[in-house]
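Okay, so here's the structure we're looking at.
The values are calculated or read from the model by the stated rules, or taken from the named source; none is laboratory data. From a predicted model like this one, the values you see are computed outputs, not experimental measurements. Here Cβ is always computed from backbone atoms with ideal geometry, including for glycine, and neighbour counts include all displayed protein chains. What goes into the accessible areas is simple: the full protein's heavy atoms, side chains included, and nothing from ligands, DNA or RNA. Shrake-Rupley method; radii C 1.70, N 1.55, O 1.52, S 1.80 Å.
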Amino acid sequence: LPFFGSVLRRADCVRRCEEPLLGAVSRHSAAEEVRADFQRRVPYSYLQRAYIQLNKLEEAANAAHTFFMANPEHMEIQQDLENYKSTAGKVSLVDWEARQHMEDYSAGVRHYDKEEYELAIEFLERALKGYYSEDEDCQVMCEGPQRFEEHEYLDYKAGLYEAIADHYMQVLACKHDCVRELATRSGRISPIENFLPLHYDYLQFAYYRVGDYIKALECAKSYLLFHPDDEDVLENAGYYEGLLEGTVDPATIREARTLLRRHKLESHLLQVAAAGLGYAYTEPNYWNRYGARQDEHSVPSSISSEPEDGPRLSLTKKPMTKPDRELKEGGPLLYSDVKFVYNSQQLNGTQRVLLDNVISEEQCRELHRVASGIMLAGDGYRGKTSPHTPNERFEGATVLKALKYGYEGRVPLKSARLFYDISEKARRIVQSYFLLNSTLYFSYTHLVCRTALSGQQERRNDLSHPIHADNCLLDPEANECWKEPPAYTFRDYSALLYMNADFEGGEFIFTEMDAKTVTVS
């Protein structure tokens with residue numbers, strides 16, 4: 001009774017506080033589609049257009065920049081930003097949705113790389129303070145309404161403790177994920193690895209550089225809470241203690257200790273629930289130590305005046321993943337009509353090939369006839385007729401749809417079968433040419449048609465399809481490609497078969513990771 005009494009009093013308190021200040025709960029509810037649009041910062045794309053109409057170019061540039069930070073693959077917005085820079089000269093772009101603790105952390109690292117240690121300390125300490133403040137907010141926000149995807153049906157009648165457990169496990173999982181949420185940049189899914197411990201790692205070395213050995217030791221001890229077996233930082237802590245002839249007061253590292261203790265308890269409860277209540281849960285590695293890029297400034301091996309005994313920064317370079325097979329090419333093309341054009345070296349990369357005459361003129365015409373009978377606008381993109389650019393209409397169809405239409409008599413079954421057979425032919429050629437020692441399986445086959453919309457081609461400066469990779473999310477600013485959904489991370493090869501060339505533009509290009517520098521056209 002005392003426990004439930006406190007729960008009831010808390011509920012009454014929250015309701016009496018929230019409704020007078022914020023209004024009814026219904027005012028703050030939104031559909032999932034709306035929430036997703038705000039998560040992707042879609043409103044800023046509209047804002048940019050509105051500001052342009054009002055001739056407010058600075059605000060338009062900032063709105064475009066804010067949208068672009070969460071959508072770095074959006075080439076049209078990227079081109080808009082380039083236009084603003086050329087029109088308005090030097091512009092200082094502002095991300096209106098920037099998370100301050102992230103901005104401070106990035107600024108601190110930049111100053112650290114320039115060996116401006118006092119400024120680095122200022123920004124990194126501010127980033128830490130902001131991080132812990134954001135963590136409190138994140139924890140509170142998790143106590144809002146929850147969705148029960150497994151129980152969204154009318155006959156769900158849980159008992160008292162089951163209902164409490166169902167709701168609380170949703171809240172607990174949300175709170176436990178705050179560590180990932182606070183380390184994830186806008187528009188990304190994967191967090192910055194080892195994010196919170198890295199603050200302390202940078203700081204312990206920066207404080208050493210400015211001669212504040214007490215703070216250096218405090219930060220080293222804080223870092224060791226997360227990675228107690230890190231040899232470099234253990235040595236550093238021993239070195240600082242030798243300089244100080246003592247240890248730090250445990251109270252000075254209370255914040256990190258408290259957060260880590262709570263995080264471990266959350267993890268324990270989630271695993272207990274998974275074992276006893278039938279929840280599916282796998283504990284992520286939130287403190288992966290491969291957390292930053294190595295370079296000559298941010299990873300000094302020692303202090304120049306004390307080459308043997310000086311402290312080191314514990315940033316470790318992530319080992320390069322070794323391919324699970326040897327990359328080869330130049331195998332047989334299997335079909336006598338197929339003509340070899342260029343190999344990987346000629347295409348300025350690896351595992352690339354350009355072939356011609358893969359299908360005959362007659363087969364091409366037949367596929368055109370099939371396409372005209374089965375294609376749907378926006379197929380594969382939830383009905384969006386212009387998913388890649390507003391200046392083109394996109395239509396598509398799958399092998400399955402072609403075969404269904406064939407069996408229904410809406411297109412000749414022989415023609416529908418041709419779509420499948422050509423797909424299979426392409427798969428066999430790729431598997432043979434690259435000398436794969438295991439079977440290459442299909443992920444997806446799409447017959448598509450892109451049509452330039454009349455009246456929208458003048459002054460056009462966007463791409464027909466944004467620069468991208470199929471199996472990772474391209475981040476041009478960071479020169480990275482993140483292996484994470486919604487990219488098709490399981491894909492190893494992609495093949496494109498062009499069936500006509502009677503159009504202007506539409507060149508196929510490869511670029512560097514910056515999505516700007518064209519390496520092949």
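If a residue has to be charged (D, E, K, R) and in contact with a helix residue (DSSP H, G or I) (Cβ under 9 Å, 6 or more places away or on another chain) to count, how many in the range 422-465 make the cut?
The qualifying residues number 1.
Name the residue that is farthest from L453 (Cα to Cα), counting only residues in the range 367-387 that are open to solvent by 40 Å² or more (accessible area, probe 1.4 Å) and in contact with a Ser or Thr (Cβ under 8 Å, 6 or more places away or on another chain).
Of everything passing the filter in the range 367-387, R369 is farthest from L453 (Cα to Cα).
Anything in the range 330-366 that is touching a Ser or Thr at 6+ places or on another chain (Cβ under 6 Å) and either aliphatic (A, V, I, L, M) or not assigned by the TED database to the domain that holds Q431 (or both)? List them, or say none.
Result: G331, P332, L334.
Name the single residue that is nearest to I192 (Cα to Cα) among those in the range 99-113 being without any contact (Cβ under 8 Å) to a residue 40 or more places away in the chain and open to solvent by 20 Å² or more (accessible area, probe 1.4 Å).
S106
One line per residue, one yes/no per condition, for (1) touching a helix residue (DSSP H, G or I) at 6+ places or on another chain (Cβ under 9 Å); (2) modelled with pLDDT of 80 or more; (3) under 30 Å from I164 (Cα atoms):
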position: D230; (1), (2), (3): yes, yes, no
position: N236; (1), (2), (3): yes, yes, no
position: E245; (1), (2), (3): no, no, no
position: V248; (1), (2), (3): yes, no, no
position: I253; (1), (2), (3): yes, yes, no
position: L259; (1), (2), (3): yes, yes, yes
position: L265; (1), (2), (3): no, yes, yes
position: L277; (1), (2), (3): yes, no, yes
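Pull out all pairs, ordered by first then second residue, where Cβ-Cβ is under 9 Å, the residues are six or more apart or on different chains, the first lies in the range 322-341 and is in a strand (DSSP E or B), and the second is surrounded by fewer than 13 Cβ atoms within 10 Å (Cβ to Cβ) and modelled with pLDDT of 90 or more.
K339/D356; F340/D356; V341/D356
Of all the helices (runs of 4 or more DSSP H) wholly in the range 1-84, which have at least 1 residues that are touching an Asp or Glu at 6+ places or on another chain (Cβ under 6 Å)?
Fully inside the range 1-84 and qualifying: 42-53, 57-70.
Is it the case, given these coordinates, that V7 is under 30 Å from Y161 (Cα atoms) and outside the structural domain of V140 (by the TED database)?
For V7, the condition - under 30 Å from Y161 (Cα atoms) and outside the structural domain of V140 (by the TED database) - is met.
Within 28 Å of H388 (Cα to Cα), surrounded by 10 or more Cβ atoms within 10 Å (Cβ to Cβ) and in contact with a Gly (Cβ under 8 Å, 6 or more places away or on another chain): is that true of R49 in this structure?
no
Out of the residues in the range 469-493 that are within 30 Å of H368 (Cα to Cα) and open to solvent by 80 Å² or more (accessible area, probe 1.4 Å), state the one that is nearest to the chain's Cα centre (by Cα).
Among them, the one singled out is Y488.
How many of the residues in the range 471-489 are at pLDDT 85 or above and in a loop (DSSP other than H, G, I, E, B)?
1
Can you pull out every residue in the range 214-228 that is free of Cβ contacts under 8 Å to residues at least 24 places away in the same chain and under 18 Å from H263 (Cβ atoms)?
Correct list: L224, P228.
With E125, E136, E116, E143 as the choices, which residue is touching a Gly at 6+ places or on another chain (Cβ under 9 Å), over 22 Å from N71 (Cβ atoms), open to solvent by 30 Å² or more (accessible area, probe 1.4 Å) and not small (G, A, S)?
The conditions single out E125.
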